[in-house]
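Below is one structure, written out as structure tokens; the observations come after it.
Every read-out reported here was derived from the displayed coordinates using simple, explicitly stated rules and does not represent laboratory data. All values derive from a computational prediction rather than experimental measurement. Note that each Cβ is placed from the backbone with ideal geometry, even for glycine, and that neighbours are counted across all protein chains shown.
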């Protein structure tokens, strides 16, 4: 049976820091809209406080999370152990998108290792932390982070990113505004 708390404990924060992968889930308000689940890695996650976390949003082929957060802010982040004890942690809360033109961007992005292709920083106000067993999660060995996204972003170039965002990340699959106006 799982348990819930109102904040991220030091033990949970330490455990989260050892995970190589997490998942982000968001959804639009409409019943016909698509729920989105995105895997994240590359050491792009940071705990800012007992009820606040952030992660680097690197340029990708879609911008569902951004669109859903702009519409309603609801999100869940899930971490599961693929090594060691079979634990799962979910962080429930509301997120906001901090774009490069936001006053808070430089301070937030400074908490992370520099990476090519940073589109935004996602900040989440955590209102509930759920822990449960991951008995059904397979044991897997971490080999290494992939470098393909970084190589792609470097080859594209930082100057070309705004045009890419305007054509590939402007709206969600449901037509919600994402990157840009």
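The table below gives the values:
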read-out	value
Exposure proxy ranking, count of Cβ atoms within 10 Å, fewest first, for 126, 137	137, 126
Sites residue 181 and residue 102, calculated FRET efficiency, Cβ-Cβ separation with R0 22 Å, nearest 0.05	0.90
Region 85-181: Cα Rg divided by the 2.2 N^0.38 Å rule of thumb	1.38
Global size of region 3-162 as Cα Rg and Dmax, reported in angstrom	15.8, 46
Euclidean distance between Cα centres, region 116-172 to region 30-104, Å	9 Å
Shape of region 27-115, Cα gyration tensor, a/c cut at 1.5	oblate
Sequence of 15, 152 once ranked by neighbouring C-beta atoms within 10 Å, starting from the fewest	152, 15
Kirkwood-based shape ratio for region 7-59, expressed as Rg/Rh from alpha carbons	1.05
Residue exposure sequence - 8, 88 - by fewest surrounding Cβ within 10 Å	88, 8
